[in-house]
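Accompanying notes for the structure given below.
Values quoted throughout were computed directly from the atomic coordinates according to the rules given, and no laboratory measurement underlies them. As the structure is a computational prediction, the values presented were derived from the model and not from experiment. Cβ placement follows ideal geometry from the backbone for every residue including glycine, while neighbour counts extend to all protein chains displayed.
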């Protein structure tokens, strides 16, 4: 069934396109504000004043501030989940898959994600943080299997234990890529994952034996 329009306060029918445009305007502005300040102290009244919007209009799109926070975080993360999973489960060379995975995460998901905002999510919205954490853990499981496949391909060092490597990756995500720890250390997510990418890939890949290079020259 098609999406029905809803009457505004004057009884006129609001158009779905206008509704979606307003919703995106709210989430875009909220993301900028949350990036600068987190969301703990940001109120609906502030957001509406910044946007020149009535609270009635805001509540037509979001039942409360927390629903807006979920929308901002989920839309940023889940919008890229299909491409991340498609890459991780592809049949391409393992070293190319790993490099692309980190590039997708760093440049698409973590780019401009403020540490303070994620601290607020972790502390005030534990269910949302659990969703994020579960996705990260699932990705680690896939990466562990990729390391095993890469050893058969010859692109991953044979002396690396994939199970141990997977547990180390999980430990780093759980204890280091942890919003409160990162805030205390003055670290950003993209900064941390960029360094982690270099350490991991330099540690597990066979030097000078690039699967990506083999695929291009074959």
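Applying the selection to segment 154-183, what residues are touching a residue at least 60 places away in the same chain (Cβ under 8 Å), surrounded by 15 or more Cβ atoms within 10 Å (Cβ to Cβ) and out of contact with any strand residue (DSSP E or B) (no Cβ under 8 Å at 6 or more places or on another chain)?
Step one: of segment 154-183, the residues touching a residue at least 60 places away in the same chain (Cβ under 8 Å) are 155-156, 179-180, 182-183.
Now drop any that are not surrounded by 15 or more Cβ atoms within 10 Å (Cβ to Cβ), which leaves 155-156, 179, 182-183.
Hits for segment 154-183 are 179, 182, 183.
Failed condition for residue 127, given (1) closer than 29 Å to residue 205 by Cα; (2) assigned to a helix (DSSP H, G or I), with all others met?
Residue 127 satisfies every listed condition except (1).
Would you confirm whether or not segment 140-152 contains a residue that is more than 30 Å from residue 65 (Cβ to Cβ), touching a residue at least 60 places away in the same chain (Cβ under 8 Å) and touching a helix residue (DSSP H, G or I) at 6+ places or on another chain (Cβ under 8 Å)? Walk me through it before giving the result.
Narrowing segment 140-152 to residues more than 30 Å from residue 65 (Cβ to Cβ): 140-152.
Retained after the next criterion (residues that are touching a residue at least 60 places away in the same chain (Cβ under 8 Å)): 150.
Now drop any that are not touching a helix residue (DSSP H, G or I) at 6+ places or on another chain (Cβ under 8 Å), which leaves 150.
Yes, because at least one residue in segment 140-152 is more than 30 Å from residue 65 (Cβ to Cβ), touching a residue at least 60 places away in the same chain (Cβ under 8 Å) and touching a helix residue (DSSP H, G or I) at 6+ places or on another chain (Cβ under 8 Å).
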